[in-house]
Amino acid sequence: MSRAWGRVPALVLAMVAVVGLPGCATIPRTGPVISGDVINDDPLEGVFQLAPEGPKTGQSPVEVVRGFLAASAGYSDDHAVARSFLSPARRLAWRPDTSVTVFRSLDTLSTRQLPEGDDSKATPSAAPSATAGADAGAAGAAGAAPGREVAEVVVRAPSIAHIDSSGRYQVIPPGSKTEPRYFGLVKSGGQWRINTLDDGILITRNDFNVTFKPYWVYFPDAGGDYLVPDTHWFASAPGSPELPTALVRALLEGPPDWLADAVATSVPPGTEMAVSAVVVSNGIATVDLTRNARLADDRQRQLMLAQLQTTLGQLRTISSVRITVERVSYNIPSESGPRPVVDPAVGGAAVGIDAKGRVVRIGVEGNEVVKGLEDLDSLNAVYGLTFPGVSYDGGWFAALSADRSRLLFSEADSGKTTQLPGSGFTAPSFDTRGWLWTADASGVRAVDVAQAASDDGRVLVEADWLKDYQVKALRVSRDGTRAALAITDRGEPHVFLTGIVRDESGRPVRLTQPEGIVPDLVSVRDVAWVDEKHLAVLGRRLPSAANANDETVSAGVDRPWIVEIGGTIQPIEVVAGAETITVGDGASTLIVGTEKGTQGRSRPSWAKISSARWPSFPG
């Protein structure tokens, strides 16, 4: 919880109890859901709301600005308390929803009043709406009429995150340039009030954690088999009527650029909300759309409903969704296709390579040699088997030669092994459609394991943006629409997310222009999917990098990190000698490969669970 800002009295934190409506069978339940992350739980249940205090008589310009910054974290009544620190001409013009800048704590905030005539004064740089509506005689940095008493305050706070107007979260690496914010003040009714300021808000990490929560907007993959999440952060009181509307507007805006070509569009272009808000009554959310929605075919309508049900189903106040078009009923055939899966599960054991060079399943009671792979196992004597992989159905297995010059894969009990030559292969990754992925010196390669002998079964996936990068790891998401890559660019480490574009048959064609995450890496070794919303990254970050809950961690060693896609980053305990990382169903199943075997989490530390090396869960 936040402390007081300067002399402004401490914020009052009010506990709000949320009583959600019971869950309803009309919210999608098909498809496995990762343990501990239930899709329809309202993330705002039981949260604290900030109830800041307004301005006090006789406050100085600096105290007014500090009070305003503290009050900006309180979203009740459209920031009514924060607006009370503004001059009458600015109260309605200020737009807090354009962006959110998060800084670590009050200790990192610098606030000072500029002396009159200071050459460093500057007017707000990006707030045309906030500075509009001044009196006709407005002049000077404070926007005041000539002769009025004015003051200017400058605020500097090193930022750790930025959230744009769509609610998308971006980590800001340490050492980034800190842009000052200028506040012009005038006397109004004998009291200092802010008369010029930038749109958006500044907020401490603690206040951000109290006020904001992540929500996910879902889009179908190209085949309509899965729903793929896109993270947005919104501030709202529990049960707020604005939240369903914000989620629907985000859905209608579509996915981010890096994902757009990898998912389908079930909502016809030009479709908008026909009314200003989603109406929720007795647990039923009515989404009224414009007439373009009628252009959707039967399958698109079914997917549109699935998108809305899954997106709005995160709120316990909503148990079902009804779509109308300009207040007229909207026909959605109930038998137009299967309901897409949300957050598919792994469902299988990890595999590794034992001391005899055999592919084994790693279990709590010991390793189990995989039967039917005698031909693949025999190649250990020739090439040395490393970095095994297994398909989701448990029928196909892959491995690399010790020098990473050969990709080897075999179907159990087939008695044969296919070899793909190359140079510098990454560990193999299977997708749910039967394609085996890797990257080497020639680029990103995908093989349809069942058709590997034909030219159509082997694809060099277009990814021009990867030129001159060294790929250290490539992992395909469990929905098959995204890939996570750990790369180095002339020694500089990065983790990228990219969309997988396929043709009508499901054959991979290209990787989209990527989205960078974890921008403050010092080194990276491996990457793995935790679930549909999180990645695990093995590497190091800058010493002053912002971590979830502001934990202080050693920066001198590689460690696992749980990365919320479009959100915060959580450090995990260091594993001595960690080389690889893999995750099954949820973060609790995270295991790490070392030179001496496989380590599993045993809080607050790690414990050896197998002598097998290079562990890998299905996928």
For the range 440-474 and the range 47-107, what is the centre-to-centre distance using only Cα atoms, to the nearest Å? 52 Å
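Evaluated at 37 °C with a viscosity of 0.692 mPa s, what Stokes-Einstein diffusion coefficient in µm²/s does the range 535-591 have when Rh comes from the Kirkwood expression over alpha-carbon pairs? Can you show the working numbers first?
Values: Rh = 11.8 Å.
For these conditions, the coefficient is 278 µm²/s.
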Restricting things to Cα coordinates, could you compute the convex hull volume per residue of the range 331-402 in Å³? 139 Å³
Non-local residues with an amide H under 5 Å from the amide H of residue 324, with H modelled 1.01 Å from N and Pro and chain starts lacking one, are 287, 288, 289
If you plug each phi of the range 78-95 into the Karplus form 6.51 cos²θ - 1.76 cosθ + 1.60 with θ = phi - 60°, what whole-Hz ³J(HN,Hα) values come out, in order, with x for Gly and Pro? 6, 6, 4, 5, 4, 5, 5, 7, 9, 5, x, 6, 10, 4, 8, 7, 5, 10
Principal-axis tilt of helix 242-253 within the chain, Cα atoms, nearest 10 degrees: 60 degrees
Using modelled backbone amide H atoms (1.01 Å from N, in-plane), which distant-in-sequence or interchain residues come within less than 5 Å of residue 443's amide H? none
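So if we plug the beta-carbon distance of residue 374 and residue 490 into 1/(1 + (r/R0)^6) with R0 = 45 Å, what FRET efficiency do we get, rounded to 0.05? Let's see the in-between values first.
Numbers: r = 44 Å, r/R0 = 0.97.
The computed FRET efficiency comes out at 0.55.
State to the nearest 20 debye the size of the charge dipole of the range 206-291 about its Cα centre, where the only charges are +1 on K and R beta carbons and -1 on D and E beta carbons. If you can, show how the numbers build up before the last one.
Working: 3 positive and 10 negative charges, 56 e Å.
With Lys and Arg at +1 and Asp and Glu at -1, about 260 debye.
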If you plug each phi of the range 496-506 into the Karplus form 6.51 cos²θ - 1.76 cosθ + 1.60 with θ = phi - 60°, what whole-Hz ³J(HN,Hα) values come out, in order, with x for Gly and Pro? 10, 10, 9, x, 9, 9, 10, 7, 5, 8, x
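Pulled fully out, how much extra length does the chain show between residue 324 and residue 403, if you take 0.36 nm times their separation in residues and subtract their Cα-Cα distance? Each step should come with its number before you reach the end.
Details: separation 79, 0.36 × 79 = 28.44 nm, distance 5.97 nm.
Full extension from residue 324 to residue 403 adds 22.5 nm.
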Electrostatic dipole magnitude of the range 189-232 [Cβ: Lys, Arg +1; Asp, Glu -1; Cα centre; debye, to 20]: 340 debye
Just want the answer: with Cβ charges of +1 for Lys and Arg and -1 for Asp and Glu, which residue in 329, 359, 266 is farthest toward the dipole's positive end in the range 242-359? 359
For the range 462-474, what does the Karplus curve 6.51 cos²θ - 1.76 cosθ + 1.60, with θ = phi - 60°, yield as ³J(HN,Hα) per residue in whole Hz, taken in order and with x for Gly and Pro? 5, 7, 4, 5, 7, 4, 6, 8, 9, 8, 9, 7, 9
Ordering 507-515, 321-329 by per-residue average of other C-beta atoms within 10 angstrom, highest first, gives 507-515, 321-329
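Quick one: dipole size for the range 158-308, taken about the Cα centre, charges +1 on Lys/Arg Cβ and -1 on Asp/Glu Cβ, in debye to the nearest 20.
560 debye
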Regression test value, accessible area per residue of the chain, probe 1.4 Å, units Å², expected 42 Å²
Just name one of 161, 581, 561: the one whose Cα is farthest towards the positive end of the charge dipole of the chain (beta-carbon charges, Lys/Arg +1, Asp/Glu -1). 161
Taking only Cα atoms, what is the 0 to 90° angle, nearest 10, from helix 298-312's long axis to the longest principal axis of the chain? 60 degrees
Calculate the length of the line joining the C-alpha centroid of the range 152-181 to that of the range 226-273, in whole Å. 24 Å
In Å, what Rg and Dmax follow from the Cα atoms of the chain? 27.2, 92
Can you compute the helix-only [θ] at 222 nm over the chain? Use -39500 (n - 2.57) per DSSP H run of at least 4 residues, normalise by all residues, nearest 500 deg cm²/dmol. -2500 deg cm²/dmol
Lysine pairs in the chain with alpha-carbon atoms under 20 Å apart, 8 or more places apart or on different chains: how many are there? 10
So what's the gap between the Cα centers of the range 479-528 and the range 294-365, to the nearest angstrom? 23 Å
Of all the accessible heavy-atom surface of the chain, with the other protein chains kept in place and a 1.4 Å probe, what percent is carbon and sulfur? 48 percent
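The values are calculated or read from the model by the stated rules, or taken from the named source; none is laboratory data. A quick note: this is a predicted structure, and the numbers were derived from the prediction, not measured. Every residue, glycine as well, gets a Cβ built from its backbone with ideal geometry; the counts of neighbours run over all protein chains shown. For the accessible areas, the whole protein counts, side chains as well, though only heavy atoms, and no ligand, DNA or RNA atoms are used. Shrake-Rupley method; radii C 1.70, N 1.55, O 1.52, S 1.80 Å.
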